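Have a look at the structure below, then the notes.
Throughout, read-outs are computed from the coordinates displayed, never taken from laboratory work. Bear in mind the structure is a predicted one, so any value in this text is a computation, not a measurement. A quick note on method: Cβ atoms are made from the backbone with ideal geometry, for glycine too, and the neighbour counts reach across all protein chains shown.
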Ligand code: IMP
């Protein structure tokens, strides 16, 4: 028996290297599957307190992408995909847009800010601050700040519709086909341990029945990544990480884990062995608390990160808003928590029975407000991190270096020695 060592996000820091450009010019565009490239490399997790249509729409408008969960019947999930596809791809709904030539004739409404356009280009925004709610003003400010960078663009398909992913079980090819028909751009397998002979062979068969991209996971070892890449034809991405999720109890109840950072390094090794690194994206899933972890995952080899925790507290998430002791929170739960499993069995009782073991917990996260707040923090934070890593774009960040810090060092790099 041998014991190996794992590296987690908190074990390492990014080694600062000569930045080729100012952080504000760092481009975050990246592939999330073989065929889809987006401007902000972040996916929202397929979880029933996170990604339904509202979050998926807003994620894509802000340059990321959402993966709609599967804890419902396949027709409900297909309807959600269709709603995303039918949504307006930009933020025009927030404004009254008016062409400058029509200004005199118009009957101005002031419940929304006014964008004055000359052709199709916004030339100015007038915000009647006395009428709009402070929350809406803040949201509009943040949206405009992001869009004005010129680096954040809505994630679109070839027809100019918002991009969207959908979660599937590898055993449910009927659902996969229904989701493809509904317009999903890519499918993401949603299973805690895809490295299982039956699951891999089922996915191999499913992959032959659909033509859209498939992201396969979750796995965490080099062997698992190699097995996926050699048994599932045309796999278009790897969803990587086992048990780092904030709501995950797998590491405790099952005693099994590959922390996300180590899992990414393992997947990179497998892809490099097959000459596929950089062609099949690694999506680092679980344990992302902010831009720091996301940047570490990217330096280790990820093309994008996936998170539930970051988004569960937003207005657009499908979680419930609750007030406790005068403070606002939103509910967040693992997909293998008791509550989520109960809903799954009710919604999809004809599918293959899933595990009976609870490997997730349920809890509350602080209420965050609109998604754009979180996406701004992630976007500007990632630009800064990649600057430190010595990169002007994601692919360059893969040449970055991570350094291991001692437990004392990890303590020192957190704010310390303040009274409050
Ligand atoms: P978080 O963003 O750190 O909360 O991690 C979210 C990720 O945890 C998801 O994308 C899934 O990969 C994983 N996950 C979701 N539900 C469960 C669960 O019940 N148990 C273990 N892992 C889960």
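Things to note:
- Degrees between helix 197-209 axis and first principal axis of the chain (Cα, 0 to 90, nearest 10): 50
- Rg/Rg_ref, the chain, where Rg_ref = 2.2 N^0.38 Å and atoms are Cα: 0.99
- Considering only 235, 67, 40, the mean-square fluctuation computed in a Gaussian network model of the chain, springs between alpha carbons under 10 angstrom, is largest for 235.
- Cα long-axis angle, helix 134-148 against the chain (0 to 90 degrees, to the nearest 10): 70
- Residue 76 paired with residue 356, simple spin-label distance in nm, labels 7 Å along Cα-to-beta-carbon: 2.4
- The alpha carbons of segment 198-345 stretch over 55, 36, 32 Å along the principal axes, in descending order.
- For segment 270-404, alpha-carbon Rg over 2.2 N^0.38 Å: 1.29
- With Cα atoms, 0 to 90° folded angle of helix 291-300 axis to the chain main axis: 50
- Sorting 335, 341 from the fewest to the most surrounding beta carbons within 10 angstrom yields 341, 335.
- Inter-label distance, residue 414 to residue 205: 4.9 nm, where each label sits 7 Å from its Cα along the C-beta direction.
- 13 Å reach of a label modelled at residue 18, 7 Å along Cα-to-Cβ, counting backbone N of segment 367-392: 390-391
- With both labels modelled 7 Å from their Cα along Cα-to-Cβ, the residue 321 to residue 145 distance reads 2.1 nm.
- Shape category assigned to segment 1-64 from the gyration tensor of Cα positions, a/c cut at 1.5: oblate
- Within a Gaussian network of the chain (alpha carbon springs, distance under 10 Å), most fluctuating of 252, 365, 27: 252
- Order of 214, 3, 32 - criterion: other Cβ atoms within 10 Å of each residue's Cβ, fewest first: 3, 214, 32
- Candidates 74, 174, 18, ranked by Gaussian network fluctuation over the chain, Cα under 10 Å, top entry: 18
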